[in-house]
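Heads up, the thing below is written out as structure tokens.
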Amino acid sequence: MTTRTIQHGSTEHRIWQVLLYGGIAAVVLAIALTQPDYRMAQFSAVAAWSVALLGMNLIIGYGGQMALGHSAFFGFGSYLTAILYADYGVSFVGTLPISALAGAAIGFLLGLPALRISGLYLALVTLALALAFPAIAKMDQLSALTGGANGKLAYIQWLPPTWLPFTVTSAAWVFLTLSAFAAVLFLLASNAMRSRVGRAVVALRDNQIGAAVSGVHPATWKTSTFAVSAAYASLAGSLMMLAVPIVTPDSGGFLVAVTLITGMVIGGAGTISGAVIGGVAVVWLPELSKHWAGALPLVSESDGTALSTAVYGAVLILVVFVMPGGVVTFVRRLRARFVVVVPQVPATSPPVAHAAPLSPTPELEMERP
Amino acid sequence: MNLLQTLPWAVPGVNDAFFDLSYVLQLVTTGLANGAVYALMALSVVIVYRTTGHMNFAQGEMGTIGCLLVFSISVERGVPYWISIPAAIALSMVVGAVLQRTLVQPVERRGGMGVVLVTLGLFLIINAVDAVIWGADPVTPVTPFPSEAGDRFIILDGPPQFAIRYSTIGIWITLAVVVGLLWLLLQRTRLGLGYRAVAANPESALLVGIPKDRMLMLGWALAAGIGTLAAVLFSQKTGSLDFNLMAAVILYGLAAAALGGFDSIPGAVVGGAVVGLVESLVPAFFSFIGSELSLVMALVVIVAVLLVRPQGIFGKAKVVRV
């Protein structure tokens, strides 16, 4: 089978890109117009989750910092929007910039200690953040704001506007709105990661000393990455309030942290599009595993519900074994058999032979004395 | 007895009862008893980490299933505990080694995230299997140490009383024995030498003919055995056993390991003691900190320590060749 070579930025490449993005937009519209309301809530949740997963991806996948506790920012954003909307009468859209800024500020502050701690220690400290979140949200001193253990309700009025050329239910309008917000946030992240910013972040991940020598100031960039990813997670929490009108202390807890980690790894760490696939997995994998558990022989109804967690765990392990780089990396490998996109060679540099772009990095470990 | 009545001042936000000697000693004892269990969990975390560099999130659940097995064998079948507990520990060691070889080792080459995910998956699977087999209701666990209300040394009498339970002393002795045996195994046997060689430098260890893979399996086996022991002791301490027995303990154990340094065995013991003490003393001392915040307090202490020593109190800083 011959592989087809497409030059990056060529007309052909552009056409494929337009077709891809147009196709995604068409799918989103088709979902909004055809799916029943209970499904719509799930699709809306996918949009919100994927933004949170994107935030996780920025710090872990691109930044290489094992910050596992982003559920705390997620829960924080949800609480902030719920409190501002229900108690202070701020409009939903008005709460979003507040949530992003507050998330970034807290992320920046927490990014400062993260400069000294790395690897598993950082993983543990940030996971601790996720563990601490429910306890803090339940504190008696805060219960007037957070509603204590019962959580906070905020039914956000979100009706489709009259200027829409087609009629949709309000659940579908929620989905469209969340998709639009998510699209903007994805575009921002994708562009940033493909520019100077992204190169600096990835350089820091791959070789901090080398990056520092090349003029990337580690402290500034690492804390900024932390702040931006926290802002994404916080925004995702705010957006989630539109899909699910209640936030509880456990919305920012350990299980959500685990959900975020699994979603990110299933989608593919260090990929932008992996966040969407992770969002889909996070929403439907529990439901599917419940279904599969029910289909197991010799299992009663009640055991099936308990076993769904086991099936979920088994699927996780399976993904690690079958698709270690996540779904996106898997698909890219598959695509590379048919189509190869090569970067455009600047006119001034001498022509280079098109090496296989996906060849593995050579093992340098053994060359050391 | 109550010192506070003699004090001319009262400190705002501080629990008055804290100035009572018996009360404080009782809290310290409770803290050190829990701390010993956390230290055992931290030990199993450290033993896995030293050779593989991984955290096993499923460590606590592996202990829980061992503890539930002990319950089934001893309480439901009537086998004496001095048979069932060693049997469960031996079985969990085998299971630990098998899990390392079948699920963890193949993923290891693909980076740290894979192993984290596999152990998280194991955590979910074992937790659910426990719930399905043994049900969600708590049961009364096997008690290897005397645990009647009167089984204790009364050291300071009169309300509030300061007494140490026999079972608490039993937990401390068990921890001491485990640490002693580990020390003997690691420092005085050929097997332990191999383990330490792999921990220090895997490539060189392979070159001199040490079976590296078997040492990794040994690490997981030891950790699983200690985890099961910790679960049995903890269930005795709390007096109730269900599938969520170790959910919090593994976190305290991880915290203790981080505090002491992930690669240090003495660090695990000290870390466990500190975490246990902070957990019991801080909420009792400050009346405005509820007991539900004790975990948060323990974590705050750990973050503070890690900021000063990012490698933990006893951990070795990693030296990286540029």
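The values are calculated or read from the model by the stated rules, or taken from the named source; none is laboratory data. Small disclaimer: the values here were computed from a predicted structure and weren't measured. Note: ideal-geometry Cβ built from the backbone for every residue, glycine included; neighbour counts use all protein chains shown.
Would you kindly identify the helices (runs of 4 or more DSSP H) lying entirely within the stretch A:201-300 that contain at least 3 residues that are of a type in the set (Asp, Glu), under 22 Å from A:Ala130 (Cβ atoms) and modelled with pLDDT under 90?
Here the list is empty.
Condition first: closer than 20 Å to A:Ser118 by Cβ, buried (at least 17 other Cβ atoms within 10 Å of the Cβ) and modelled with pLDDT of 80 or more. Now tell me which residues in the stretch B:268-300 satisfy that. Step through it out loud before you land on a result.
To start, the set of residues in the stretch B:268-300 that are closer than 20 Å to A:Ser118 by Cβ comprises B:271, B:299-300.
Subsequent filtering for residues that are buried (at least 17 other Cβ atoms within 10 Å of the Cβ) retains B:271, B:299.
Answer for the stretch B:268-300, where residues must be closer than 20 Å to A:Ser118 by Cβ, buried (at least 17 other Cβ atoms within 10 Å of the Cβ) and modelled with pLDDT of 80 or more: just B:Gly271.
Condition first: on the phi < 0 side of the Ramachandran plot, of a type in the set (Gly, Ala, Ser) and part of a helix (DSSP H, G or I). Can you find one or more residues in the stretch B:143-163 that meet it?
No, the stretch B:143-163 has no match at all.
Could you check, for the stretch B:165-178, whether at least one of its residues is away from chain A (no Cβ under 14 Å), surrounded by fewer than 17 Cβ atoms within 10 Å (Cβ to Cβ) and in contact with a Lys or Arg (Cβ under 8 Å, 6 or more places away or on another chain)?
Within the stretch B:165-178 (the criterion being away from chain A (no Cβ under 14 Å), surrounded by fewer than 17 Cβ atoms within 10 Å (Cβ to Cβ) and in contact with a Lys or Arg (Cβ under 8 Å, 6 or more places away or on another chain)), the answer is yes, since at least one residue qualifies.
Being in contact (Cβ under 8 Å) with a residue 60 or more places away in the chain and out of contact with any Ser or Thr (no Cβ under 7 Å at 6 or more places or on another chain) is the filter; apply it to the stretch A:137-147 and report the residue that is nearest to the other protein chains (Cβ to nearest Cβ).
A:Lys138
What pairs can you find where one residue is in the stretch B:23-36 and within 12 Å of B:Val275 (Cα to Cα), the other is not in a helix (DSSP H, G or I), and their Cβ atoms are less than 9 Å apart, with a gap of 6+ or different chains?
Final answer for the pair search is B:Ala33/B:Ile164; B:Ala33/B:Arg165.
Looking at the stretch A:159-172, is at least one residue assigned to a helix (DSSP H, G or I), away from every other protein chain (no Cβ under 14 Å) and surrounded by 16 or more Cβ atoms within 10 Å (Cβ to Cβ)? Talk me through it step by step, then tell me what you get.
Residues of the stretch A:159-172 assigned to a helix (DSSP H, G or I): A:170-172.
Adding the requirement that they be away from every other protein chain (no Cβ under 14 Å) leaves A:170-172.
Subset that is surrounded by 16 or more Cβ atoms within 10 Å (Cβ to Cβ): A:171-172.
Yes: the stretch A:159-172 contains one or more residues that are assigned to a helix (DSSP H, G or I), away from every other protein chain (no Cβ under 14 Å) and surrounded by 16 or more Cβ atoms within 10 Å (Cβ to Cβ).
Considering the stretch B:127-141 alone, what residues qualify as being crowded, with 21+ Cβ neighbours inside 10 Å and more than 7 Å from chain A (Cβ to nearest Cβ)?
B:Asp130, B:Pro141, listed by residue number.
For (1) touching a residue at least 40 places away in the same chain (Cβ under 8 Å); (2) in contact with a helix residue (DSSP H, G or I) (Cβ under 9 Å, 6 or more places away or on another chain); (3) surrounded by fewer than 21 Cβ atoms within 10 Å (Cβ to Cβ); (4) within 27 Å of A:Gly75 (Cβ to Cβ), each residue gets a yes or a no:
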| position | (1), (2), (3), (4) |
| --- | --- |
| A:Leu178 | yes, yes, no, yes |
| A:Val184 | no, no, yes, yes |
| A:Ser195 | no, no, yes, no |
| A:Arg199 | no, yes, yes, no |
| A:Val216 | no, yes, yes, no |
| A:Tyr232 | yes, yes, no, yes |
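For the stretch B:130-142, which residues satisfy the criterion of being in contact (Cβ under 8 Å) with a residue 24 or more places away in the chain, over 11 Å from B:Leu68 (Cα atoms) and either of a type in the set (Lys, Arg) or in a helix (DSSP H, G or I) (or both)?
Across the stretch B:130-142, there are no qualifying residues.
Just to be sure, is B:Arg109 within 14 Å of chain A (Cβ to nearest Cβ), without any contact (Cβ under 8 Å) to a residue 12 or more places away in the chain and surrounded by fewer than 23 Cβ atoms within 10 Å (Cβ to Cβ)?
yes
Which ones in the stretch B:304-322 are more than 8 Å from every other protein chain (Cβ to nearest Cβ) and small (Gly, Ala, Ser)?
B:Ala304, B:Gly315, B:Ala317
If you scan the stretch A:1-21, which residues turn out to be polar (S, T, N, Q), exposed (fewer than 10 other Cβ atoms within 10 Å of the Cβ) and modelled with pLDDT under 85?
Here is the first cut: in the stretch A:1-21, the residues polar (S, T, N, Q) are A:2-3, A:5, A:7, A:10-11, A:17.
Those still in the list that are exposed (fewer than 10 other Cβ atoms within 10 Å of the Cβ) too: A:2, A:11.
Within the stretch A:1-21, just A:Thr2 meets the criteria.
Checking B:Leu295 against (1) more than 9 Å from chain A (Cβ to nearest Cβ); (2) touching a helix residue (DSSP H, G or I) at 6+ places or on another chain (Cβ under 8 Å); (3) not β-branched (Val, Ile, Thr), which test does it fail?
The single condition B:Leu295 does not satisfy is (1).
It is to be established whether one or more residues within the stretch A:317-325 are at pLDDT 80 or above, touching a strand residue (DSSP E or B) at 6+ places or on another chain (Cβ under 7 Å) and not in a loop (DSSP other than H, G, I, E, B).
no
Run down B:Val275, B:Val301, B:Val282 and say which single residue is within 12 Å of another protein chain (Cβ to nearest Cβ), without any contact (Cβ under 8 Å) to a residue 60 or more places away in the chain and not in a loop (DSSP other than H, G, I, E, B).
Result of the check over B:Val275, B:Val301, B:Val282: B:Val301.
Restricting to the stretch A:105-127, count the residues that are assigned to a loop (DSSP other than H, G, I, E, B) and in contact (Cβ under 8 Å) with a residue 12 or more places away in the chain.
2
Give me the pairs: first residue in the stretch A:328-339 and farther than 13 Å from A:Gly268 by Cα, second residue not aromatic (Phe, Trp, Tyr), beta-carbon distance under 7 Å, and six or more apart or on different chains, which are they?
Hits for this filter: A:Ala336/A:Leu358; A:Arg337/A:Met1; A:Arg337/A:Thr3; A:Phe338/A:Thr3; A:Phe338/A:Arg4; A:Val339/A:Thr3; A:Val339/A:Arg4; A:Val339/A:Ile6.
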